[in-house]
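The values are calculated or read from the model by the stated rules, or taken from the named source; none is laboratory data. Since the model is a prediction, treat every value here as computed from it, not as a measurement. Neighbour counts are summed over all protein chains in view; Cβ atoms, including those assigned to glycine, are modelled from backbone coordinates with ideal geometry. Ligands, DNA and RNA are excluded from the accessible area calculation, which covers all protein heavy atoms including side chains. Shrake-Rupley method; radii C 1.70, N 1.55, O 1.52, S 1.80 Å.
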Amino acid sequence: MQQQTTLARVACIASLCVGILAAIFSFVAKSAAAITVFGALALGLGIVSLIMGRKSIDDMQMATAGIFMAIVACLMGIWHLYN
């Protein structure tokens, strides 16, 4: 049981890190398609890690923060696409 908790914690930390990287990439990159795809991948990872870490509130908070940052990246990509 301890391994599953550790795996969930690693997945949630990865979700947070990838979400932050996606948000940073969305402000630096010029390609709207690349920003949107990277944000969508980060969003997918965040949702999977949220499901994995649903038993611990700390893990859920990290996954939710990653999802929020991935949504910011997706919105920036869509904004660049239509402007």
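Can you name every residue in segment 1-25 that is farther than 15 Å from I71 by Cα and surrounded by fewer than 16 Cβ atoms within 10 Å (Cβ to Cβ)? Matches in segment 1-25: M1, Q2, Q3, Q4, T5, T6, L7, V10. Note on segment 26-56: among residues that are in a helix (DSSP H, G or I) and either under 11 Å from C12 (Cα atoms) or touching a residue at least 60 places away in the same chain (Cβ under 8 Å) (or both), the one that is most open to solvent (accessible area, probe 1.4 Å) is I51. Pick from segment 62-83 the residues that are at pLDDT 90 or above, over 12 Å from the mean Cα position of the chain (by Cα) and open to solvent by 60 Å² or more (accessible area, probe 1.4 Å): which of them is farthest from A8 (Cα to Cα)? The residue in question is Y82.
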